[in-house]
1. Among the candidates 137, 144, 109, single out the residue that is touching an Asp or Glu at 6+ places or on another chain (Cβ under 9 Å), of a type in the set (Gly, Ala, Ser) and either at pLDDT 95 or above or on the phi > 0 side of the Ramachandran plot (or both).
2. Have a look at 123, 88, 101 and point out the one that is closer than 30 Å to residue 50 by Cβ, among the hydrophobic types (A, V, I, L, M, F, W, C) and free of Cβ contacts under 8 Å to residues at least 60 places away in the same chain.
3. Of the numbered conditions (1) in contact with a His (Cβ under 7 Å, 6 or more places away or on another chain); (2) surrounded by fewer than 17 Cβ atoms within 10 Å (Cβ to Cβ), residue 146 fails exactly one; give the number of that condition.
4. Which of the residues that make up segment 40-74 are part of a helix (DSSP H, G or I), of a type outside the set (Asp, Glu) and touching a residue at least 24 places away in the same chain (Cβ under 8 Å)?
5. Can you confirm whether segment 15-37 contains a residue that is of a type in the set (Val, Ile, Thr) and surrounded by 15 or more Cβ atoms within 10 Å (Cβ to Cβ)?
6. Any residue in segment 105-119 that is closer than 10 Å to residue 83 by Cα sitting within a Cβ distance under 8 Å of a residue that is surrounded by fewer than 24 Cβ atoms within 10 Å (Cβ to Cβ) and among the basic types (Lys, Arg)? List the pairs, counting only those 6 or more apart or interchain.
7. Filter segment 95-115 for residues that are over 16 Å from the mean Cα position of the chain (by Cα) and in a loop (DSSP other than H, G, I, E, B) and give the result.
Amino acid sequence: MRAIDTSLPPQRPATKTAEFKPSLLLKEDHHLCAGCGEPVAIRLILEVIEELELTQNNVCILGHGCYGSFIMLMDVDSTLCLHGRAPAVATGMKRMRPGVAIWTLQGDGDMTSEGLAEIMQTAARGEDVTCFMLNNGVFGDTGGQMTASSVIGQRTKNTIEGRDAGYHGNPIQLAEILSQMPGAGYVARGSVHNAASINATRKMIRKAFQRPMDGHGLALMEILTMCPTGWFVPPGEGAEYMMESLGKVYGLGELKDAGAASDDDSDD
């Protein structure tokens with residue numbers, strides 16, 4: 001076997017041989033801070049929509065603020081709603097257009113702080129919608145304050161000394177709660193902190209779209225994303241900090257999959 005000498009620069013420069021940008025991503029430039037993990041998560045979602053051939057058969061619902069600006073990055077039918085109300089809007093859309101893949105895109109502040117009742121009630125009803133929560137433990141839109149998902153000890157703009165359980169309460173682990181509800185058919189948590197986690201998250205995103213389409217009820221796909229600016233860390237240290245803080249509280253993987261049995265049957 002011939003080994004490639006990597007001690008010297010390559011003699012022939014690298015060349016681009018394929019277009020890697022998904023067609024639903026209008027541009028790769030974004031307005032978010034350096035080191036932010038949300039553009040990676042959005043790219044994965046759009047790639048899966050293309051893979052499932054849902055390009056012309058999906059609607060995204062977003063809250064106002066920084067998530068509302070994502071409309072300018074995505075070539076999908078989208079609508080805005082008040083913070084936290086996306087699952088309620090998704091309910092109405094799904095009931096009017098049952099054959100369309102309806103999905104929400106929300107932050108942890110939007111879903112767990114401002115819209116906890118909405119996501120809980122939507123799961124209780126077993127609505128066949130997909131809800132994405134990009135969790136970085138801060139309110140990014142308003143400057144980096146604590147959310148209901150901020151972990152104990154996490155520094156934010158209004159918890160400079162770190163979140164304290166006795167004063168601020170404990171974080172709400174939404175995925176674990178929803179996984180116990182009969183109306184939630186798929187609940188999973190992924191991350192974008194390295195290549196392996198990105199690959200695993202892509203697979204979970206695919207199921208998060210498929211399960212509601214197959215009538216298994218609500219799908220919650222939580223994705224841990226980096227926010228170095230809100231965490232007071234350099235951009236290059238965001239991924240490591242995330243797994244040392246949020247990653248120790250929010251374990252990665254599938255928490256519930258009501259459609260797993262049907263997958264096994266189709267393999268037989």
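The values are calculated or read from the model by the stated rules, or taken from the named source; none is laboratory data. Since we're looking at a predicted model, the values are computed, not measured. A quick note on method: Cβ atoms are made from the backbone with ideal geometry, for glycine too, and the neighbour counts reach across all protein chains shown.
1. After applying the criteria, what remains is 137.
2. Exactly one residue qualifies, and that residue is 88.
3. It is condition (2) that residue 146 fails.
4. Selection gives 40, 41, 42, 44, 45, 46, 48, 49, 69, 70, 72.
5. Here is the first cut: in segment 15-37, the residues of a type in the set (Val, Ile, Thr) are 15, 17.
Those still in the list that are surrounded by 15 or more Cβ atoms within 10 Å (Cβ to Cβ) too: none.
No, segment 15-37 contains no residue that is of a type in the set (Val, Ile, Thr) and surrounded by 15 or more Cβ atoms within 10 Å (Cβ to Cβ).
6. 115/85
7. 97, 98, 99, 100
Let's see how each residue does on (1) aliphatic (A, V, I, L, M); (2) out of contact with any Pro (no Cβ under 9 Å at 6 or more places or on another chain):
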position: 46; (1), (2): yes, no
position: 52; (1), (2): yes, yes
position: 78; (1), (2): no, yes
position: 107; (1), (2): no, yes
position: 114; (1), (2): no, yes
